[in-house]
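Below is one structure; the comments refer to it alone.
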Amino acid sequence: MGLFSKVSTKPHFESYSWGKHRSIFATVTYWLVFVLRIFSPLQWIKLIFRKTQAARNDEKERVDFHAMHSEIYLLVILFLSLAFYSLPSITLVLPNMSEVFLQNLQLGARYVSMLLLFESVMWVLYYMLLRILIEKHLSIFNEAEYFIALPFVLATQLFFLASILGVSVSEVLAIAMNLNFIEYKTTGIQQLAIGTFGYIYTALIIANIINLIPAIPVGRRPNITIVGAGDVVRYRMLPALLANKLYLPSQIAIVSDGIEGDFLQQLKKDGVTFEEVKPNLNAAEKIQEVIKFIKKRSSYAVVATPTASHLGYVAALAKEGIVFGIEKPLAATASELAMFQKNGNSLMQNGFLFSYYWLEKALPLNYFFSLNPQYQRFLDITVTNASEQRTVDADALAYLRIQLGKLKSADIVFLEGKDSREWSLLKETGGLFFETLIHPVTLLNHVLEQPLHLSELEADWYLLDNLPNELNSKVRKLNDFGATYVSLRSKVGADCAIQVCVGKYMPTKTRSMKLTFEHGSLHMDLDARVCTITCPQAGALQGVTIKVCSDLSNRDKQWAGYDVQMTLFDSFVRDQGYWSALRYDDYPNQVEVLSAMIQWLKTDEGPTHFYRPKVLNRKEYNALECSAGKSE
């Protein structure tokens with residue numbers, strides 16, 4: 001068996017062992033093929049070649065028998081088949097040859113023809129059909145390796161078969177191709193056998209042609225399912241997907257365990273498919289039902305559900321190989337984050353992580369620091385101090401960043417109005433901490449020259465005393481809610497002075513960021529999505545403005561503003577959900593930010609904390625806005 005296993009390839013155990021039992025048909029068939037291939041002269045030639053090369057090169061690994069060597073052998077056999085087919089004609093012109101010698105010569109040629117015909121048929125069946133089923137680990141030199149040799153092998157078989165049967169090659173070819181032929185010399189059984197192999201070969205050839213020709217990429221607009229039906233879906237994602245007919249309503253589906261009545265009527269009116277999952281299902285059952293719907297309806301999915309369900313959806317979608325987008329934050333607990341830190345590359349391999357500020361509101365700032373070419377198409381970049389406005393390329397921005405020098409201070413104001421999403425303010429969901437504070441922390445993490453250590457910042461946390469009434473909450477008490485306002489600042493003497501004010505239920509909405517450098521400043525208006533950079537020593541570049549293109553900015557109404565993110569996600573979809581070397585979502589940066597925030601949440605021992613904020617009445621709470629304004 002040791003020698004024979006070097007001549008012929010033994011079938012891999014898993015090729016005929018299916019689960020707990022073995023397939024009887026597969027076992028018999030594959031081992032029969034193993035035995036029959038032992039009679040192939042080509043297999044013995046391969047063995048001799050490998051042994052010779054291994055001894056010469058002192059190699060322990062098996063030496064490859066190149067496709068060129070196989071082709072040489074097949075050509076030799078082809079010429080041999082021609083010689084055997086022509087042998088009767090040749091013997092007629094050979095002088096002084098005894099009849100006994102000629103009979104023995106023809107008999108020997110007949111037996112050799114039968115052996116080589118058998119080998120040739122086995123070659124076709126094995127390499128064109130059975131090899132991929134029998135061998136677990138295999139490789140070939142080129143996709144066309146076997147197919148390109150097939151015409152020569154088939155010609156060889158025609159000549160051998162005609163020689164053995166004593167008929168013309170035209171008759172054999174006509175029978176194999178089911179063509180009419182005058183004066184058949186073959187018997188009915190012979191015609192049936194040849195015709196059968198003709199049909200088998202035709203099917204093999206067609207199958208290999210289909211497999212050989214590469215698929216042509218098709219630019220298509222696939223169906224997409226959005227999981228969730230909250231305000232972000234209704235007022236941001238859905239309008240962005242439908243804008244400029246990026247997707248048609250018929251290509252979008254909404255699935256959720258609760259869709260408000262007026263939104264439901266809107267979906268019906270717009271022609272958007274929707275599915276309501278039973279609300280009494282547990283989390284695992286709900287995810288299972290949603291995944292079933294996605295698999296039936298769409299090729300891609302966007303998850304816009306509360307953070308607690310994100311890991312479950314990501315794991316389920318990754319397991320099914322479904323390309324998806326996921327809303328921030330990716331996780332809100334240390335255990336969930338640990339899963340992403342350990343398995344994130346596999347979980348997010350076909351995933352796109354959204355980040356409303358870093359990929360939308362602060363996109364001009366993002367591009368200035370990252371120079372990611374995927375973002376440039378959404379931006380207008382101009383020199384504002386020149387007599388004639390001109391565009392600025394990435395090299396000029398890189399030069400400008402160098403001229404600005406060291407970052408000296410960072411001031412961020414994130415003041416928002418009423419938020420009716422009760423879950424986004426609760427302690428148990430991470431509330432303001434993960435829903436809103438993550439945005440300025442993300443911005444800081446990207447612009448600071450040194451790693452951000454949140455524990456080194458001083459923090460004051462506050463909570464509006466009548467929050468349950470503001471939310472019209474009939475179940476939740478004030479103690480169920482985390483802080484609704486936080487002020488962060490660096491300690492005196494820090495290399496970079498940091499001031500961050502984040503709050504909800506503020507009288508005036510304002511969101512901006514100001515960076516001060518050694519030789520200039522940067523102001524990012526997060527509402528207008530305009531970044532203004534001033535650097536006197538940068539010469540012609542002393543004043544530069546980066547802003548989101550006007551056609552996108554004009555759509556930025558109260559709730560709009562997901563145009564960039566959804567267009568980026570659409571680019572990801574167009575690439576079939578495969579990342580190149582350069583990602584353009586917020587992964588893995590968001591994991592780093594969340595890791596720092598969770599660690600800080602566990603270790604912060606200040607006088608106030610997200611979980612134990614200082615309660616203020618409305619007048620005292622409104623006064624926080626004035627102190628926040630001073631940071632600007």
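The values are calculated or read from the model by the stated rules, or taken from the named source; none is laboratory data. Worth saying up front: this structure is predicted, and the values here are computed from it rather than measured. Here the Cβ is made from the backbone with ideal geometry for all residues, glycine too, and neighbour counts use every protein chain on show. In case anyone asks, the SASA skips ligands and DNA or RNA and just uses the protein heavy atoms, side chains included. Shrake-Rupley method; radii C 1.70, N 1.55, O 1.52, S 1.80 Å.
Below 13 angstrom from the Cβ of Asp585, what's the summed charge of the other residues (Lys, Arg +1; Asp, Glu -1)?
Here the charged neighbours net out to -3.
Only sites in a loop by DSSP and with at most 12 other Cβ atoms within 10 Å count here; which trypsin sites (Lys or Arg not before Pro) in the range 3-42 make the cut?
Lys20
To make sure I understand the rule: partners must be lysines, Cα under 26 Å from the Cα of Lys408, and not fewer than 8 residues away in the same chain. Which ones qualify?
Reachable lysines: Lys361, Lys491, Lys514, Lys547, Lys630.
Putting +1 on Lys and Arg Cβ atoms and -1 on Asp and Glu Cβ atoms, find which of Ile164, His137, Phe147 reaches farthest to the positive end of the dipole of the range 3-166.
His137
Would you mind checking the pairs Lys427/Lys504; Lys319/Lys342; Lys427/Lys602; Lys268/Lys509 and listing those with alpha carbons more than 25 angstrom apart?
Lys268/Lys509
Run the helix sum for the chain: -39,500 (n - 2.57) per DSSP H stretch of 4+ residues, divided by residue count, reported at 222 nm to the nearest 500 deg cm²/dmol.
Calculated at 222 nm, the ellipticity per residue is -14000 deg cm²/dmol.
Which percent of the accessible area of the chain is formed by carbon and sulfur heavy atoms (probe 1.4 angstrom)?
57 percent
Helix 589-603 versus the longest principal axis of the chain: what angle, 0 to 90°, nearest 10, using Cα atoms?
50 degrees
Counting only other residues whose beta carbon sits under 14 Å from that of Ala283, what net charge do I get with K and R as +1, D and E as -1?
Surrounding charge for Ala283 is -2.
Could the peptides 421-428, 279-286 be put in order, highest first, of the mean number of other beta-carbon atoms found within 10 Å of their residues?
The densest-packed peptide leads the list: 421-428, 279-286.
State to the nearest 20 debye the size of the charge dipole of the chain about its Cα centre, where the only charges are +1 on K and R beta carbons and -1 on D and E beta carbons.
In total the dipole reaches around 1020 debye.
Which of the following values of Cα extents along the principal axes in Å was calculated from the structure shown: (i) 100, 60, 58; (ii) 124, 63, 48; (iii) 89, 67, 50?
Given (i) 100, 60, 58; (ii) 124, 63, 48; (iii) 89, 67, 50, the calculated one carries the label (ii).
Which of the GluC sites (Glu not before Pro) found in the range 323-404 are loop residues per DSSP with 12 or fewer other Cβ atoms within 10 Å of their Cβ?
For GluC sites (Glu not before Pro) across the range 323-404 that sit outside H, G, I, E and B with at most 12 neighbouring Cβ atoms in 10 Å, the list reads Glu388.
Expressed as an acute angle from 0 to 90° and rounded to the nearest 10, what is the orientation of the C-alpha long axis of helix 261-270 relative to the principal long axis of the chain?
50 degrees
Need one number: % antiparallel among DSSP beta bridges in the chain, to the nearest 5.
In the chain, approximately 60 percent of DSSP beta bridges are antiparallel ones.
Which order do peptides 575-581, 511-517, 41-47 fall in by mean Cβ count within 10 Å, highest first?
511-517, 41-47, 575-581
For Cα pairs less than 8 Å apart in space and 6+ apart in sequence, what is the mean separation divided by the residue count of the chain, i.e. the relative contact order in percent?
12 percent
Nearest 10 degrees is fine. How inclined is helix 188-212 to the longest principal axis of the chain, computing both from alpha carbons?
Approximately 30 degrees, to the nearest 10.
Over all pairs of distinct alpha carbons, what does the Kirkwood formula give as the hydrodynamic radius of the range 3-166, in Å?
One decimal place: 18.0 Å for the Kirkwood radius.
What is the total of Lys pairs in the range 3-166 with C-alpha atoms under 27 Å apart, excluding same-chain pairs fewer than 8 positions apart?
15
How fast does the range 159-283 diffuse by Stokes-Einstein, in µm²/s, taking the Kirkwood radius from C-alpha pairs at 20 °C and 1.002 mPa s?
So the translational diffusion coefficient is about 105 µm²/s.
Under 14 Å from the Cβ of Val153, count the other residues' Cβ atoms, weight Lys and Arg +1, Asp and Glu -1, and hand me the total.
Net charge around Val153: -3.
Find the relative contact order for the range 223-353 and round it to a whole percent, using C-alpha pairs within less than 8 Å whose residues are 6+ positions apart.
25 percent.
P(r) of the range 1-93 in 10 Å steps, Cα pairs, percent per bin?
Here the calculated profile for the range 1-93 is 14, 29, 28, 20, 8, 2, 0.
Report, to two decimal places, the Cα Rg of the range 223-353 normalised by 2.2 N^0.38 Å (N = number of residues).
1.02
Express the accessible area of the chain per residue in Å², computed with a 1.4 Å probe while the remaining protein chains stay in the model.
51 Å²
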